[in-house]
1. Tell me which of Asn40, Gly64, Leu22 sits at the most positive position along the dipole axis of region 15-72, charges placed on C-beta atoms (Lys, Arg +1; Asp, Glu -1).
2. Treating the beta-carbon of each Lys and Arg as +1 and of each Asp and Glu as -1, no other charges, what is the dipole magnitude of region 78-227 about its Cα centre, to the nearest 20 debye?
3. Between Arg136 and Glu33, what is the label-point separation in nm under the 7 Å Cα-to-beta-carbon projection?
4. So which GluC sites (Glu not before Pro) in region 92-133 are both in a DSSP loop and have at most 16 other Cβ atoms within 10 Å of their Cβ?
5. Amide H neighbours of Lys177 under 5 Å, at least 5 residues apart or on other chains, H built in the peptide plane: list them.
6. Between Ala7 and Ala250, 0.36 nm times their residue separation minus their Cα-Cα distance comes to what?
7. Grab the Cα-Cα distance for Glu167 and Glu25, subtract it from 0.36 nm times how many residues apart they are, and report the gain in nm with one decimal.
8. Tell me whether region 95-166 comes out rounded, prolate or oblate; compute the Cα gyration tensor, take square roots of the eigenvalues as a ≥ b ≥ c, and use a/c under 1.5 as the rounded threshold.
Amino acid sequence: MAKKKQADGNGLYDPRDLGVELTVENAPKSPVEAKKQKLNVYYDVQKQAFVKMRYKDRASVKHGMKYEAGLLSNYQNMRSRNNRQRRATVKGKTISVQERYDWYRRNLYENPWQRALQDHADDARIRDEKAADYRRRGVAYEHLSPIAGDEGTMGGFEHHRNIEGAEPYLNGKKSDKVASAWTMRQNGVPISRASAIRMDAHKVPVPKHDRFASVYNDIEQFERPKSALKDQLRLKAKSKLAQNRAAAEAAEKFKFGKFMRKLV
């Protein structure tokens, strides 16, 4: 049997040395809570990351402990989620506890922070359960509305309502093509941050039918473009509109100048 490692200078242990597997749900959420559990790791809900309190003799005393805090992302049981979360974070497609809290507060709910934390934890738990189930079944973890692309028109969040399992071959064919907004709504896929938060708050059930098949059929039947192409088309149209507007304004100025010269 492996010998349990010694506590650090604060009397705390690394969770892995105790055989404890931390998740977002069971981890202490503050340095004080971690100290009570004699652990040197906690989960920062604001930063959405694990934090390790490394004992340093010369560090200033905080919460009765001497430590320097550093973000962690190397827990074995968190590796897959971290990879998914990192990709979504880079593209700005995560929904934070703060955003959930702000929504609850604006809509005058009681205990907005507790509700926000619970919804956030539930979303993470369901995504983890789905990911584990897809690994067992040998299917892909697929975003129905792709993370790539414009949030304003298609959503594409790292959120359990936007995730389904897909056969690898079909997943490859779908790629990051985008179904219509109507199809997304029919399949319970949030296309805005507010809609995702509202669905979680109201505990709206996720449709039970094959959502991936529904989205995939829409894409195939109507030959939907990739999200990147859709962005390009939108930007091109926006640029063309701006050019037309500028040309119209220039024409008006020219006409006005001609008119003024006639008066002179």
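1. Gly64
2. My answer is approximately 320 debye.
3. 2.8 nm
4. Listed in order of number, the matching sites are Glu110.
5. The answer is Ser227.
6. In short, 80.0 nm is gained.
7. Extra length from Glu167 to Glu25 when fully extended: 48.2 nm.
8. Cα axes put region 95-166 in the oblate bin.
Every read-out reported here was derived from the displayed coordinates using simple, explicitly stated rules and does not represent laboratory data. Every value quoted in this text rests on a predicted model; they were computed, and no experiment measured them. All Cβ positions, even for glycine, are placed from backbone atoms using ideal geometry, and neighbour counts span all protein chains on display.
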